[in-house]
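The values are calculated or read from the model by the stated rules, or taken from the named source; none is laboratory data. What you see is a predicted model, and the numbers here were worked out from it, not measured in a lab. When we count neighbours, we look across all protein chains shown, and the Cβ atoms used for this are built from the backbone with ideal geometry, even at glycine. Just so you know, the surface numbers come from the protein's heavy atoms only, side chains and all, with ligands and any DNA or RNA stripped out. Shrake-Rupley method; radii C 1.70, N 1.55, O 1.52, S 1.80 Å.
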Amino acid sequence: MTKNLSERSIQLQPSAFAKFFAEAVELQRSGEDVIHLHVGEPDATTPKHIIEAAKTAMEEGFTHYTPPGGLFELREAISKKLKNDNDIDSDPSDEICVLSGGYNALYCAFQALIDPGDEVLIPEPCLPQYWGDVTLAGGVVAPVRLMETQQFKPDLNDLKSQVNKKTKMVLLNSPQNPTGSILTKEDMNSIAQIVESNDLFVISDEVYEKFLYGDFTHTSFASIPGMKERTLTINSFSKTYAMTGWRVGYAAGNSELIGKIRALSEHTGWSPNSIAQKAAIAALKGSQDCVREMVEEFRKRRSIITGGLNNIDGFSCTAPNGAFYVFPNTEKINSSSMELAQILLRKAKVAVVPGIAFGPQGEGKIRFSFANSKENIKEALERISQTIKDII
Ligand code: PLP
């Protein structure tokens, strides 16, 4: 143990997700045929016209630093998108900041908003990075339980009862990772009342906004009357355009906060990748058919995986309304989510994420991503079914 580590870094534990990712990759490297249902990214390659824009940028020598906050042309395209898709007015000159992915945006946002001891209400199970980011900023996570019996939506009484003098803000994520739940406009309106009456701020993480099934539409929290000034909207190109490796995301909010986030981003990499920003411009300005086609394909996979899991003893799930994850209850199987995920990886050679990786409320559940081909999903279901027969 080195004595040089900071208290902050000592507090940070590698996530259970990172552990599983490493083990699945290792197993694959040793020659095993692992089916990856743990990944949080579309399996499709980035659409061709986006790749072409990046190639052109490189060939034209667009290979230098860009200003912190991102290219103006990209911020303008984001501003138009926010108006058209999200009903949010934002000035590209000072109300939008482009960052190296949604993770970078979240990190800078918490650094800009949280003082030591501030509490952040976070519906949980949730993206583990929220906990890490809040902790690194000196804040405290106040988890708001997401219950299967309430379609994994925050209980408003629970939310209200947790507000105290230290509560600074609420984190909303709709569609939600890992449960796939959606907050409707009515849900948002009710949350807005709590936010308003307690003078809270909101970070709204909307990276899965395009992954919606059934008749659901996406509502941005900042579009709820009176909420724009109280909300920082976070979004990314990663999921919508299958661009996880490019690392482009953004934050939109009031100019004072965006100015601070831009200043912070100078210390976490200076500026986003120049070539990836050109690709992101092409993504927003080009045809959106690629997005619709991908979501249509995901819709079919969603039926296969939910139907298939419900046919396996010990698993039960409802079809998610958004994102690309199913989060079945596995409490009938006599193993912790960590043990079960290990069995599925080592015996069935199917990589998944144990629910506990998303917080205590995730225990007794497993996250399956359906960002994999229909054939692989069917094969994985078959293997899981065989493996479970031996242990149940
Ligand atoms: N927010 C949520 C809910 C996510 O699931 C992820 C990634 O999985 C991110 C943000 C960050 O994505 P990126 O940094 O690739 O934009």
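A compact table of results
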{"item": "Globularity ratio of the stretch 329-392, using Cα Rg and 2.2 N^0.38 Å", "result": "1.07"}
{"item": "Bridge type composition, the chain - antiparallel percent by DSSP, nearest 5", "result": "45 percent"}
{"item": "Most fluctuating residue given options GLY180, GLY359, GLY61, as computed from a GNM of the chain linking Cα atoms under 10 Å", "result": "GLY61"}
{"item": "Residue-level accessible surface for GLU375, protein heavy atoms, 1.4 Å, Å²", "result": "120 Å²"}
{"item": "Amide H partners (placed H, <5 Å) of ASP205, local residues excluded", "result": "LEU172, ASN173, SER174, ILE234"}
{"item": "Computed Kirkwood radius, in angstrom, where 1/r is averaged over Cα pairs of the stretch 1-129", "result": "19.5 Å"}
{"item": "Ranked order, VAL163, VAL170 - accessible area, probe 1.4 Å, largest first", "result": "VAL163, VAL170"}
{"item": "Rounded percent of accessible protein surface that carbon and sulfur make up, the chain, 1.4 Å probe", "result": "50 percent"}
{"item": "Exposure ranking of GLU7, GLU297, GLU209 by accessible area [1.4 Å probe, largest first]", "result": "GLU7, GLU297, GLU209"}
{"item": "In sequence order, calculated HN-Hα J values of the stretch 40-48 (Karplus, 6.51, -1.76, 1.60; Hz; x Gly/Pro)", "result": "x, 8, x, 6, 5, 7, 3, x, 4"}
{"item": "Positive minus negative residues near LYS374 (Lys, Arg vs Asp, Glu; Cβ under 9 Å)", "result": "+1"}
{"item": "Mean residue ellipticity (222 nm) of the chain, computed from DSSP H runs ≥ 4 via -39,500 (n - 2.57), nearest 500", "result": "-13000 deg cm²/dmol"}
{"item": "Heavy-atom accessible area order for TRP246, TRP270, largest first, 1.4 Å probe", "result": "TRP270, TRP246"}
{"item": "Interchain or long-range residues, amide H under 5 Å from LEU146's placed H", "result": "GLU124"}
{"item": "The stretch 48-285 - convex hull of the alpha-carbon atoms, volume per residue in Å³", "result": "114 Å³"}
{"item": "Amide H contacts of VAL140 (H built 1.01 Å from N, under 5 Å, at least 5 apart or other chain)", "result": "GLY117, ASP118, GLU119, VAL120"}
{"item": "Long pairs among LYS81/LYS228; LYS81/LYS185; LYS260/LYS285, criterion Cα-Cα beyond 26 Å", "result": "LYS260/LYS285"}
{"item": "Choice from ILE191, ILE333, ILE305 showing the highest fluctuation, given a GNM over the chain with Cα pairs closer than 10 Å", "result": "ILE333"}
{"item": "Where labels lie 7 Å past Cα in the beta-carbon direction, separation of LYS332 and ASP85 in nm", "result": "3.9 nm"}
{"item": "DSSP beta bridge pairing in the stretch 126-263, given as percent antiparallel to the nearest 5", "result": "35 percent"}
{"item": "Karplus 3J(HN,Hα) series, Hz, for the stretch 264-271 with 6.51 cos²θ - 1.76 cosθ + 1.60 (x for Gly, Pro)", "result": "5, 5, 4, 9, 10, x, 6, 9"}
{"item": "GNM top mover of THR231, THR66, THR179 - the chain, alpha-carbon springs below 10 Å", "result": "THR66"}
{"item": "Solvent-accessible area of LYS160 with every protein chain in place, 1.4 Å probe, in Å² to the nearest 10", "result": "110 Å²"}
{"item": "Nearest-10 value in Å² for the accessible area of SER223, using the 1.4 Å probe", "result": "30 Å²"}
{"item": "All aspartates and glutamates inside 13 Å of LYS332 as judged from Cα atoms, apart from same-chain residues fewer than 8 positions distant", "result": "ASP313, GLU363"}
{"item": "Set LYS210/LYS374; LYS210/LYS378; LYS239/LYS278; LYS210/LYS300; LYS19/LYS374 screened for pairs whose C-alpha atoms are more than 22 Å apart", "result": "LYS210/LYS378; LYS19/LYS374"}
{"item": "Pair-distance profile P(r), taking every C-alpha pair of the stretch 189-323, with 5 angstrom steps and integer %", "result": "2, 8, 14, 16, 16, 15, 13, 9, 5, 2, 0"}
{"item": "The stretch 238-245 - phi-based ³J(HN,Hα) in whole Hz, Karplus 6.51/-1.76/1.60, Gly and Pro as x", "result": "4, 7, 4, 10, 6, 10, 4, x"}
